[in-house]
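Student: This is the structure, below, for whatever I ask next.
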Amino acid sequence: MGRPIRTRRQATLASLAAELGVSRTTVSNAYNRPDQLSPELRRRVLETARRLGYPGPDPVARSLRTRKAGAVGLLLTENLSYAFRDPAAIGVLEGLALACEDAGVGLHLVPASPGREDVAAVHRAGVDGFVVYSVPDDDPHLAAVLQRPVPTVIVDQPRVEGVDRVGPDDAAAITGLANHLVELGHRQVGVLCMRLARERNDDFASVPRQREAHFHVQRTRLAALAKAFEAVGVDWASVPVVERFEHTVDDGASAARQLLDAYPQVTALICTSDILALGALAEADRRGLRVPAELTVTGFDGIAEAERHGLTTVHQPVLDKGRAAGKLLLASAEHGAPRVITLPTELKVRSSSAPPRTAEQMWFGP
């Protein structure tokens, strides 16, 4: 028979302290509070730990002792891949990650696919607080987050009484865009919007559906557009609004196709995101419609691809949005009233917007 294999017993904090002739607190400080030790002592502790195979303090035991997980949770009610695919989401994620890096904490993604009611992922998340990114006001995952006894910051939506929030003034931002189109002379407009509720609707959105939308960013932008165009005599009930559940360029193209097939007289497509607007530009190109001579297209967000396509849009600082949310969550100072950070926006007028064609131009060309 062969000799039994003997494995080396893993070093512990206590055995490392005994080897060095120091207290266990000194060893712990080498990892968790390095400022409490001299550089030479910390170097000696870490070198001995490597030699003995000590992996460092158990993070689970440490979290139980300190009641701190050392991580921030990001809740987004989308598939996980959305955070790495959507340009605006990428910017928010990067900004939040930078805030976490500065604070020396981790980032835990808590994705919840649309339509899922299971909130176990929220309950299981070992985090010290949540950043909630753009969810509907009736989302069960949001309710589960607010039941946790940890701080929460909401990015964009919804507005919840007593909860910190970061986002732009959506009404003011899109009103500036609407005024730009009004001044150009557009009155026959159509709108492509992101999802308004948790149930799927890839179709025209009625005025009641717009007003009752559970995604308050879309509800706010549509209401502001309605107010701006009604101020110049446009009956908002006559303005076609097409909703898309998924947020992709292809969905923007199909939404533009659906709207222009039914309302070919439209002179401007107002899109509530740049992604949808890029799809609208693709559909205009497929139809042979010249932008902006025959069709104006606008967006919202200010992503890099929008600039490359000359898209008139509202720019919002998405990276700053994520960073501000992280700093707000990680701020150690106690506060009473909920804090709201309103980020600036800027109307970027580019080559995709122009005055509508006159009847004479439609018949005889430019």
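The values are calculated or read from the model by the stated rules, or taken from the named source; none is laboratory data. Quick caveat: nothing in here was measured; it's all calculated off a predicted structure. We place every Cβ from the backbone using ideal geometry, glycine too, and count neighbours over all the protein chains shown. When the accessible area is computed, the model is the full protein with side chains, heavy atoms only, and any ligands, DNA or RNA have been set aside. Shrake-Rupley method; radii C 1.70, N 1.55, O 1.52, S 1.80 Å.
Student: Scanning for something in contact with a helix residue (DSSP H, G or I) (Cβ under 8 Å, 6 or more places away or on another chain), modelled with pLDDT under 80 and not aromatic (F, W, Y), does the stretch 25-41 turn up at least one residue?
Tutor: Checking the stretch 25-41: at least one residue is in contact with a helix residue (DSSP H, G or I) (Cβ under 8 Å, 6 or more places away or on another chain), modelled with pLDDT under 80 and not aromatic (F, W, Y).
Student: Which condition from (1) within 25 Å of L343 (Cα to Cα); (2) modelled with pLDDT of 95 or more; (3) of a type in the set (G, A, S) is the one that G162 breaks?
Tutor: The single condition G162 does not satisfy is (2).
Student: Residues A223, A268: which one is closer than 27 Å to A88 by Cα, among the small types (G, A, S) and either open to solvent by less than 30 Å² (accessible area, probe 1.4 Å) or without any contact (Cβ under 8 Å) to a residue 12 or more places away in the chain (or both)?
Tutor: A268
Student: Being of a type in the set (A, V, I, L, M, F, W, C), open to solvent by 10 Å² or more (accessible area, probe 1.4 Å), part of a helix (DSSP H, G or I) and at pLDDT 95 or above narrows it down to one residue among A277, A282; which is it?
Tutor: Exactly one of A277, A282 is of a type in the set (A, V, I, L, M, F, W, C), open to solvent by 10 Å² or more (accessible area, probe 1.4 Å), part of a helix (DSSP H, G or I) and at pLDDT 95 or above, namely A282.
Student: Here's another thing I want to ask about it. Select from the stretch 96-135 the residues that are in a loop (DSSP other than H, G, I, E, B) and within 14 Å of the chain's Cα centre (by Cα) and list them in ascending order.
Tutor: The answer is A112, S134, V135.
Student: If you go through the stretch 290-313 one residue at a time, how many are free of Cβ contacts under 8 Å to residues at least 60 places away in the same chain and of a type in the set (D, E, K, R)?
Tutor: 3
Student: Filter the stretch 158-188 for residues that are closer than 13 Å to E346 by Cα and of a type in the set (D, E, K, R); which is most open to solvent (accessible area, probe 1.4 Å)?
Tutor: D169
Student: Scan the stretch 136-157 and give yes if some residue there is of a type in the set (V, I, T), open to solvent by 10 Å² or more (accessible area, probe 1.4 Å) and either part of a loop (DSSP other than H, G, I, E, B) or within 23 Å of E246 (Cβ to Cβ) (or both), otherwise no.
Tutor: Narrowing the stretch 136-157 to residues of a type in the set (V, I, T): 145, 150, 152-155.
Filter once more, keeping what is open to solvent by 10 Å² or more (accessible area, probe 1.4 Å): 150, 152.
Checking the rest, the ones that are also either part of a loop (DSSP other than H, G, I, E, B) or within 23 Å of E246 (Cβ to Cβ) (or both) come to 150.
Scanning the stretch 136-157, I find at least one residue that is of a type in the set (V, I, T), open to solvent by 10 Å² or more (accessible area, probe 1.4 Å) and either part of a loop (DSSP other than H, G, I, E, B) or within 23 Å of E246 (Cβ to Cβ) (or both), so the answer is yes.
Student: Take the stretch 242-257 and flag every residue that is crowded, with 18+ Cβ neighbours inside 10 Å and outside any helix (DSSP H, G or I).
Tutor: V242, E243, R244, H247
Student: Can you tell me which residue in the stretch 189-212 is nearest to V241 (Cα to Cα), limited to those that are open to solvent by 10 Å² or more (accessible area, probe 1.4 Å) and touching a Phe, Trp or Tyr at 6+ places or on another chain (Cβ under 8 Å)?
Tutor: Filtering the stretch 189-212 for residues that are open to solvent by 10 Å² or more (accessible area, probe 1.4 Å) and touching a Phe, Trp or Tyr at 6+ places or on another chain (Cβ under 8 Å), the one nearest to V241 (Cα to Cα) comes out as V207.
Student: Sort through A103, A112, A89 and tell me the only one that's in contact with a helix residue (DSSP H, G or I) (Cβ under 9 Å, 6 or more places away or on another chain), of a type in the set (G, A, S) and farther than 14 Å from G322 by Cβ. Reasoning before the result, please.
Tutor: Working: A103 fails: farther than 14 Å from G322 by Cβ; A89 fails: farther than 14 Å from G322 by Cβ.
Only one candidate passes the filter, namely A112.
Student: Looking at G322, G302, which is the one that is crowded, with 19+ Cβ neighbours inside 10 Å and within 9 Å of G95 (Cβ to Cβ)?
Tutor: Matching residue, one of G322, G302: G322.
Student: Could you list, in sequence order, all residues of the stretch 241-289 that are among the hydrophobic types (A, V, I, L, M, F, W, C), farther than 22 Å from A224 by Cβ and in contact with a Phe, Trp or Tyr (Cβ under 9 Å, 6 or more places away or on another chain)?
Tutor: A262
Student: I would also like to ask the following. Give me a count of the residues in the stretch 144-183 that are under 30 Å from P264 (Cβ atoms), among the aliphatic types (A, V, I, L, M) and touching a strand residue (DSSP E or B) at 6+ places or on another chain (Cβ under 7 Å).
Tutor: Going through the stretch 144-183 one residue at a time, the tally reaches 4.
Student: Is it true that D169 is of a type outside the set (S, T, Y) and on the phi > 0 side of the Ramachandran plot?
Tutor: In short, no.
Student: Looking at L319, L347, L329, can you tell me which residue is in contact (Cβ under 8 Å) with a residue 24 or more places away in the chain, among the hydrophobic types (A, V, I, L, M, F, W, C) and touching a Pro at 6+ places or on another chain (Cβ under 7 Å)?
Tutor: L329
Student: Has the stretch 166-178 got any residue that is touching a residue at least 24 places away in the same chain (Cβ under 8 Å) and part of a loop (DSSP other than H, G, I, E, B)?
Tutor: Yes; the residues of the stretch 166-178 include at least one that is touching a residue at least 24 places away in the same chain (Cβ under 8 Å) and part of a loop (DSSP other than H, G, I, E, B).
Student: Can you pull out the residues in the stretch 330-366 that are crowded, with 17+ Cβ neighbours inside 10 Å, in contact with a Gly (Cβ under 8 Å, 6 or more places away or on another chain) and at pLDDT below 95?
Tutor: Answer for the stretch 330-366, where residues must be crowded, with 17+ Cβ neighbours inside 10 Å, in contact with a Gly (Cβ under 8 Å, 6 or more places away or on another chain) and at pLDDT below 95: just L330.
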